Structures are given as C-alpha cells and as structure tokens.
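Visitor: The structure that follows is given in the form of structure tokens.
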Amino acid sequence: MALVKAGVVVLDCAEPEKLAEFYKELLQGEETAASANLVEIRAADGFRLAFRRDMNATPPSWPRPENSLQVHLDFLVEDLDEAERKVIGLGGRPLDTKAPAGPYEERGYADPAGHSFTVRLVPPTAPKQG
C-alpha cells in the first residue's frame, strides 16, 4: 500500500458553489460533500476536485506574466470543438486561441473564477498507417 495516496485538488475562489457547478457539469460529476466554505465533486471518471471559499482569492493572469499560472488543470477530450462549446456554454472563456507548439492539439480556457485549464485531444491509440 502506498504511504501517500492522491486526495483532492482544491481551488480557492470567492464562490465555491458556482465553481463546483461549472466543473460538475463539465466533468459529468456529482457533488460529494459541501460545507459553508468548501464544496467537493467527483467526476464521472473518479477525479476529485474541491472548491474552497477565499474572498481574497486572486485568479491567475496567464498568459500575462504577472500573477501567472498558480495551478493548471488538463482534461482529455475526443472532440475539441464540442468541448469548447460546452466550456463556453457553462461560463468558461477561451484564453489561448492560437495553435500551441508541441505534440498535442490543445486549447486553453479559464473557468468562471479565472482558473486556467487546458482541454487536450486524447492521443490516438491505433498505430499510424502508411
């Protein structure tokens, strides 16, 4: 048995209830715990996120250098356009619209509280033909 087990990723924000709802819908999850200052969800795949009330939380400014990335979440998707429609429909906003360098196709967004995250295409599992 591992000495340390992964727990939950906690994001500070002014309105944890609203942010939990955003991620619950995005990840097709469920609320697993709630108190006056913390809401926790579990995504359909078991990934756990919590949102802690901090009235002084300052959202990251990425891609601007001041107050840059404080935390960054990556989510895997099979369709970037469909994921983008869902993110924006839930109140997220695009951060990076140009194609990034590197082996993966991905897009950057901010959640309604300003935390940045990336949606990235699931790498193909079949060998290349030809």
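The values are calculated or read from the model by the stated rules, or taken from the named source; none is laboratory data. Because the structure is a prediction, the values reported are computed rather than measured. Neighbour counts are summed over all protein chains in view; Cβ atoms, including those assigned to glycine, are modelled from backbone coordinates with ideal geometry. Surface accessibility is based on the protein's heavy atoms, side chains included, excluding ligands, DNA and RNA. Shrake-Rupley method; radii C 1.70, N 1.55, O 1.52, S 1.80 Å.
Per-residue answers, yes or no, for (1) within 15 Å of F22 (Cα to Cα); (2) modelled with pLDDT under 90:
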{"position": "L69", "(1), (2)": "no, yes"}
{"position": "E78", "(1), (2)": "no, yes"}
{"position": "G89", "(1), (2)": "yes, no"}
{"position": "S116", "(1), (2)": "yes, yes"}
{"position": "L121", "(1), (2)": "no, yes"}
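Visitor: Restricting attention to region 50-60, which residues are open to solvent by less than 40 Å² (accessible area, probe 1.4 Å) and in contact with a Gly (Cβ under 8 Å, 6 or more places away or on another chain)?
Guide: Selection gives P60 alone.
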